[in-house]
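Worksheet: one structure, shown below.
The values are calculated or read from the model by the stated rules, or taken from the named source; none is laboratory data. Please read all numbers here as calculations on a predicted model, not as lab measurements. Here the Cβ positions follow ideal geometry from the backbone for every residue, glycine too, while neighbour counts run over all protein chains shown. These area figures cover heavy atoms from the full protein model, side chains too; ligands, DNA and RNA do not enter into them. Shrake-Rupley method; radii C 1.70, N 1.55, O 1.52, S 1.80 Å.
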Amino acid sequence: MIDLRSDTFTKPTLAMRQAMFDAEVGDDMVGEDPTVNRLEAYCCELFGKQAAVFCCSGTQSNQAALWAHCRPGDEILIESHGHLANYEGGAPAALTGVSVQYIPGVGGMLDVEHLKGRKKPQEQHFPQSKVLCLENTTNIGGGRAYPLDQLERVTEWGRSNDLICHLDGARIFNACTAQNYTPAHVAELFDTVSICFSKGLGCPMGSMLVGDEAVIQRARRARKLFGGALRQSGIVAAAALYALENHREQLADDHRNAYRFAEQISQVPGLTVPLDEVETNIVFIQVCEELGTAEEIANRFTAHGLKIYDIGPQRIRAVFHRDIDADMTEQAAKIVQQAIAAAV
């Protein structure tokens, strides 16, 4: 079975498991886990920030950032497909008491023309616009990676409107690979950045939030409140350190495999794949109604040996990762071709 449901389905390599086994550990709750401390210091250096806090998941690091930045009754601005507001269980409202303004963009990305007039006036009838949240790469928006100049424009607009800027960088290293910029280039534009280790980097769990000392101190308190303060978490921090040092270069292979897959299935009647939108490791496929629903087609793929998610009534998502090599990519494309041929 070839699994393209998500890059969260990656398994730790033997070398990563060995690094976890060998990890030096202590009590992270009191700041005494040396492996966690090394990981946090490494991420500060990599992203050019003062401080970092290791979290259980990307949801936790995103929501800790909101809790650190906001008060109940504030509002965040986010592109309408943004993971932080759509796929994190209603956490902005439940955990921080903030409302969400959903703003339609292009490919899950915002630009200044989408944001003009969106900040609420300082008036008692309205929530106070507080944080501008971007996602890079975009997930449901299509796996798109922001060009650096667009990030600069948007965050400049945010700051000129007295907004805090937060980046959901769940796949930030994919964005860096696609756009050829560094983590520090991106991070200098934002007050906080959330970095996920359990996707393309192939770790079993973990995320990092980076920012200045004051905001990370508040975020560390949020981590405690949200039940995320761990003890000997160096075991999983060791996996993240190993991935940062050994797995980032392979992300380019995932991008090539995704594009190769998209090229091949774009020729299949009834499927639409905009090749110019395949920038990273995510491929979205539009299914014509004559073939059936996306759920029905995804089930046909599964029956032929390919696991894939339906995202919407006529939309399917395939995500490439380190456990899918070039041969498996070719086989996945053949399965799609055969399954559609059998359905016609």
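Go over the candidates Glu75, Glu24 one by one and state the one that is open to solvent by 40 Å² or more (accessible area, probe 1.4 Å), at pLDDT 95 or above and more than 27 Å from Ile282 (Cβ to Cβ).
The unique qualifying residue is Glu24.
For residues in region 155-173 being assigned to a helix (DSSP H, G or I) and more than 19 Å from the chain's Cα centre (by Cα), which is surrounded by the most Cβ atoms within 10 Å (Cβ to Cβ)?
Once the filter is applied, the top-ranked residue is Gly158.
Could you say whether any residue in region 143-161 is of a type outside the set (Phe, Trp, Tyr), modelled with pLDDT of 95 or more, more than 30 Å from Pro12 (Cα to Cα) and touching a Ser or Thr at 6+ places or on another chain (Cβ under 9 Å)?
The answer is yes, given that some residue of region 143-161 is of a type outside the set (Phe, Trp, Tyr), modelled with pLDDT of 95 or more, more than 30 Å from Pro12 (Cα to Cα) and touching a Ser or Thr at 6+ places or on another chain (Cβ under 9 Å).
Let me spell it out: the conditions are (1) open to solvent by 40 Å² or more (accessible area, probe 1.4 Å); (2) out of contact with any Phe, Trp or Tyr (no Cβ under 7 Å at 6 or more places or on another chain); (3) hydrophobic (A, V, I, L, M, F, W, C), and Leu95 meets all of them except one. Which number is the exception?
Going through (1) open to solvent by 40 Å² or more (accessible area, probe 1.4 Å); (2) out of contact with any Phe, Trp or Tyr (no Cβ under 7 Å at 6 or more places or on another chain); (3) hydrophobic (A, V, I, L, M, F, W, C) one by one, Leu95 breaks only (2).
So, in region 246-257, of the ones that are touching a helix residue (DSSP H, G or I) at 6+ places or on another chain (Cβ under 8 Å) and of a type outside the set (D, E, K, R), which residue ends up most open to solvent (accessible area, probe 1.4 Å)?
This residue is Asn246.
Let's see how each residue does on (1) over 30 Å from Asn180 (Cα atoms); (2) modelled with pLDDT of 95 or more:
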position	(1), (2)
Glu277	no, no
Val287	yes, yes
Gly292	yes, no
Leu306	yes, yes
Gln314	yes, yes
Glu330	no, yes
Ala339	yes, no
Ala342	yes, no
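Inside region 202-225, can you point out the residues that are under 20 Å from the mean Cα position of the chain (by Cα) and either open to solvent by 10 Å² or more (accessible area, probe 1.4 Å) or free of Cβ contacts under 8 Å to residues at least 60 places away in the same chain (or both)?
Matches in region 202-225: Pro204, Met205.
Out of Gly58, Gly26, Gly48, Gly89, I need the residue that is touching a residue at least 40 places away in the same chain (Cβ under 8 Å) and on the phi > 0 side of the Ramachandran plot. Which one?
Every option except Gly48 fails the conditions.
Taking Thr280 as meeting all but one of (1) touching a strand residue (DSSP E or B) at 6+ places or on another chain (Cβ under 9 Å); (2) in a loop (DSSP other than H, G, I, E, B); (3) open to solvent by less than 40 Å² (accessible area, probe 1.4 Å); (4) of a type outside the set (Phe, Trp, Tyr), write down the number of the exception.
Only one criterion in (1) touching a strand residue (DSSP E or B) at 6+ places or on another chain (Cβ under 9 Å); (2) in a loop (DSSP other than H, G, I, E, B); (3) open to solvent by less than 40 Å² (accessible area, probe 1.4 Å); (4) of a type outside the set (Phe, Trp, Tyr) is unmet by Thr280, namely (1).
Note down all Cβ pairs under 8 Å where the first residue falls in region 260-273 and is closer than 9 Å to Gln286 by Cβ and in contact (Cβ under 8 Å) with a residue 24 or more places away in the chain, the second is open to solvent by 10 Å² or more (accessible area, probe 1.4 Å) and outside any helix (DSSP H, G or I), and they're at least six residues apart or on different chains.
Leu271/Gln286; Leu271/Cys288
His81 versus (1) under 30 Å from Asn246 (Cβ atoms); (2) under 21 Å from the mean Cα position of the chain (by Cα): which is the lone unmet condition?
(1)
Report, by residue number, each residue of region 1-23 that is without any contact (Cβ under 8 Å) to a residue 12 or more places away in the chain and aromatic (Phe, Trp, Tyr).
Result: Phe21, single match.
Just to be sure I understand the filter: pairs with C-beta atoms under 7 Å, separated by 6 or more residues or on different chains, first member in region 325-343 and of a type in the set (A, V, I, L, M), second member open to solvent by 60 Å² or more (accessible area, probe 1.4 Å) and part of a helix (DSSP H, G or I). Which pairs pass?
The qualifying pairs are Ala339/Arg300; Ala343/Arg300.
With the requirement that a residue be in a helix (DSSP H, G or I) and surrounded by fewer than 19 Cβ atoms within 10 Å (Cβ to Cβ), what does region 143-154 give you?
Leu148, Asp149, Gln150, Glu152, Arg153
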